[in-house]
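A short worksheet on the structure shown next.
The values are calculated or read from the model by the stated rules, or taken from the named source; none is laboratory data. Remember, predicted model here, so these are calculated numbers, not experimental data. Every residue, glycine among them, receives a Cβ derived from its backbone with ideal geometry; neighbour counts consider all protein chains shown. Note: accessible area is taken over every heavy atom of the protein model, side chains too, but ligands, DNA and RNA are not part of it. Shrake-Rupley method; radii C 1.70, N 1.55, O 1.52, S 1.80 Å.
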Amino acid sequence: MKALVPIEVIERKILLIHGEKVMLSPHLAELYGVETRTLNQAVKRNSERFPEDFMFQLTADEAEWLVSQNVIPHRKHFGGSLPYAFTEQGVAMLSSVLNSKRAVEVNIMVVRTFVKLRKMIATHKDLSRKLAELEKKYDGQFKVVFNALRQLMAEPEPKEKRIGFIKESKAVYRTSGKR
């Protein structure tokens, strides 16, 4: 069975806001094939199904941040109101309030995408934990390797240019800069 919406398209629409993986109402409306206004109306009519951990509205500053990060082209992209951000649970609830075959099909793909991302994050955390365990276990034998890796990962410190001269057998240094 061919996917209604490619998983890659859905992945690009999942954002990290307030430390939560979310999808914005305009993006969901596009995926579900409805107007954003229609999606928002359905949510407002069923507000008891969308507690704060399922959905929240973005602030004006957050919307501006999305523009500055090129997530959206312009704030006008949202129409006249600020968008809602839906967590995985909120997205799952949306298909029940939109009540269309397409909404159910798209919703299944979106939930699968969230699950895939969660697995990827878990794998990354697991890998980090295993690396830390290896570092503890083999720290003595591979200390040079771990130190080299840390140095490669560390950002270089900016070096100050020093101007030096000898005065009465003592080295005196002065930092170069504006005079």
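So which trypsin sites (Lys or Arg not before Pro) in region 1-42 pass both tests, a DSSP loop state and at most 16 other Cβ atoms within 10 Å of the Cβ?
Loop-located and lightly packed - Lys2.
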Of Ser96, Ser25, ordered by accessible area with the largest first and a 1.4 Å probe, the sequence is Ser96, Ser25
Mean Cβ-within-10 Å packing, highest first, puts peptides 106-115, 62-71, 85-94 in the order 85-94, 106-115, 62-71
